[in-house]
Amino acid sequence: MSEVRHNWTKEEILEIYNRPLMDLLYEAATVHRKQHDPNVVQVSTLLSIKTGGCSEDCGYCPQAARYHTDIEGNDLMTVSQVKAQALRAKEGGSSRVCMGAAWRNVKDGPEFDQVLDMVRTINKLDMEVCCTLGMVTENQAQRLAEAGLYAYNHNLDSSEEYYKEVISTRGYQDRLDTIDNVRKTNVTVCSGGIIGMGENVEDRAGMLVALSTLNPQPESTPINALVAVEGTPLEEEKPVEIWDMVRMVATTRIVLPETQVRLSAGRTQMSREGQAMCFFAGANSIFAGDKLLTTPNPDVNEDMKMFELLGLKPQKPFTKKVQPQTVEAEESQYQALGEKPKWSRPGHTIERNEAAKAKGKLIK
Ligand code: SAM
Ligand code: DTB
Ligand code: SF4
């Protein structure tokens, strides 16, 4: 067993990231094999349960109301719609459903109660349930845990320094506090970020310092390549080079040896050979299904062919941790507190966000 370290420095991580590729790949694959079955990949399906119209200014996000993108927004899905999609995902070989909502944070009330019902319903289908709903309080995280939530996704997105260049409506500390709130429950933590937003390699290393020094480290770490969507402030960013993705995946694997590294957004731009290199470098999870939240993802059949070609097997649900028990709403120990947490709003000016907003207003 390789030791999990929580004191990685930026310099150490940069040294790893910049190693000759063959050395980097060899080390990452070695760490990977000590901790994981290299032929098993966990498969999750994303479901956008509430799309678009978001109040935030995240520069990468097509769901931010202030930018003009082609996204068709919708209200919160019904529990039966979600159940039907979860069954489809299960038939397609997914072990986990990850429900995303275009919210800044969770608010107590009927919509959150409906999400709790969705969690109960999917857990009863014997699938792992993940949610990504924005910031949550400890009480809200406990209510999700009671409903049978397996994982909560909340990304750090980038280094603390570069985060300020991308988002002005919420702070890095709020992200860390949410992860902390989830950590106080039985729910596993899924946290990672995005590359290709114009950050430099120091920022990539900085993000990995922030993730690896969490104690315990996240159980799952998504590495997204930016999907540059027209109308967002980052629309003109160049596609991430496969070499950057491989280096980022390999470095993540080395500094977070036990985590499931998820090859997330951006796979439509990657060849099979490129993805195979990422799996060799320690990626052991993907999002499957022809859509991520709002943008395209490779076809399920293409992924199945890739798994066959590479001899990869999908991971069975609850391999890493036992299935949580679902507590029914009537028997819940936790009630809505109607809290009004003081999540921060830094509100500094980000030129490209302002420009995209102005363009959005003009078009609308
Ligand atoms: N609204 C919630 C939040 O922001 O926490 C949950 C949904 S949000 C869309 C989940 C994550 O998706 C973001 O933190 C970001 O890492 C990722 N994401 C969003 N848009 C993306 C894009 N265009 N390319 C790559 N990743 C993206
Ligand atoms: C994560 O790290 N990536 C997923 C999931 N967690 C929620 C989302 C990717 C979204 C890509 C842009 C879109 O489809 O809207
Ligand atoms: Fe809203 Fe989440 Fe998109 Fe930010 S990333 S704009 S919080 S949906």
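Please determine whether any residue of segment 181-197 is of a type in the set (Lys, Arg) and buried (at least 21 other Cβ atoms within 10 Å of the Cβ).
Restricting attention to segment 181-197, the residues satisfying the condition of being of a type in the set (Lys, Arg) are 183-184.
The next check asks that each one be buried (at least 21 other Cβ atoms within 10 Å of the Cβ); those that pass are none.
No - not one qualifying residue is present in segment 181-197.
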Given the conditions (1) part of a loop (DSSP other than H, G, I, E, B); (2) of a type outside the set (A, V, I, L, M); (3) surrounded by 10 or more Cβ atoms within 10 Å (Cβ to Cβ), and given that Gly360 satisfies all but one, which numbered condition is not satisfied?
(1)
Some residue of segment 267-282 being within 13 Å of ligand 2 (Cβ to nearest atom) and either among the charged types (D, E, K, R) or surrounded by 20 or more Cβ atoms within 10 Å (Cβ to Cβ) (or both):
yes
Return the residue satisfying two criteria in turn: it lies in segment 55-74 and is out of contact with any helix residue (DSSP H, G or I) (no Cβ under 8 Å at 6 or more places or on another chain), at pLDDT 95 or above and more than 12 Å from ligand 2 (Cβ to nearest atom), and of such residues it is farthest from Asp157 (Cα to Cα).
Ala65
In segment 142-170, anything part of a loop (DSSP other than H, G, I, E, B), touching a residue at least 60 places away in the same chain (Cβ under 8 Å) and within 13 Å of ligand 1 (Cβ to nearest atom) is listed as Asn155, Val166, Ile167, Thr169, Arg170
Some residue of segment 62-73 being free of Cβ contacts under 8 Å to residues at least 40 places away in the same chain, within 28 Å of Asp299 (Cβ to Cβ) and out of contact with any Leu (no Cβ under 8 Å at 6 or more places or on another chain):
yes
Note on segment 129-141: residues of a type outside the set (A, V, I, L, M), out of contact with any Leu (no Cβ under 8 Å at 6 or more places or on another chain) and assigned to a helix (DSSP H, G or I) are Glu138, Gln140
In contact with a helix residue (DSSP H, G or I) (Cβ under 9 Å, 6 or more places away or on another chain) and either of a type in the set (Phe, Trp, Tyr) or over 27 Å from Gln335 (Cα atoms) (or both) - does that describe any residue in segment 122-142?
no
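Output the residue which, of all residues in segment 211-254 that are more than 15 Å from ligand 2 (Cβ to nearest atom) and among the hydrophobic types (A, V, I, L, M, F, W, C), is surrounded by the most Cβ atoms within 10 Å (Cβ to Cβ). Give the steps one after another, and end with the answer.
Kept after step one, since they are more than 15 Å from ligand 2 (Cβ to nearest atom), are these residues of segment 211-254: 212-217, 236, 238, 241-244, 246-247, 250-251, 253-254.
Now restrict to residues that are among the hydrophobic types (A, V, I, L, M, F, W, C): 214, 242-243, 246, 250, 254.
Values: Leu214: 17, Ile242: 18, Trp243: 11, Val246: 23, Ala250: 30, Ile254: 26.
Among those residues, the one meeting the criterion is Ala250.
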Pick from segment 40-65 the residues that are in a loop (DSSP other than H, G, I, E, B) and in contact with a Gly (Cβ under 6 Å, 6 or more places away or on another chain): which of them is nearest to ligand 3 (Cβ to nearest atom)?
Gln63
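Counting only residues that are assigned to a loop (DSSP other than H, G, I, E, B) and crowded, with 21+ Cβ neighbours inside 10 Å, which one in segment 89-125 is farthest from ligand 3 (Cβ to nearest atom)?
Ser95
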Where residues in segment 321-345 are modelled with pLDDT of 95 or more and under 24 Å from the mean Cα position of the chain (by Cα), which of them is surrounded by the most Cβ atoms within 10 Å (Cβ to Cβ)?
Pro324
So, of the residues in segment 35-58 that are near ligand 1 (Cβ under 10 Å from one of its atoms) and among the hydrophobic types (A, V, I, L, M, F, W, C), which turns out to be farthest from Lys357 (Cα to Cα)?
Leu46
For segment 223-244, check the following and say yes or no: at least one residue is in a helix (DSSP H, G or I) and farther than 18 Å from Ser158 by Cβ.
yes
Consider only pairs whose beta carbons are under 9 Å apart and that are at least six residues apart or on different chains; among these, list those whose first residue lies in segment 343-364 and is among the hydrophobic types (A, V, I, L, M, F, W, C) and whose second residue is surrounded by 15 or more Cβ atoms within 10 Å (Cβ to Cβ) and in a helix (DSSP H, G or I).
Trp343/Asp174; Trp343/Asp177; Trp343/Thr178
Within segment 98-110, identify whether any single residue is over 30 Å from Glu308 (Cβ atoms), without any contact (Cβ under 8 Å) to a residue 40 or more places away in the chain and more than 16 Å from ligand 2 (Cβ to nearest atom), and answer yes or no.
yes
How many of the residues in segment 18-69 are under 11 Å from Ala250 (Cβ atoms) and of a type in the set (Lys, Arg)?
1
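The values are calculated or read from the model by the stated rules, or taken from the named source; none is laboratory data. This structure is a prediction, so every number in the text was calculated from the model and none was measured. Cβ coordinates were reconstructed from backbone atoms using ideal geometry, including for glycine residues, and neighbour counts include every protein chain displayed.
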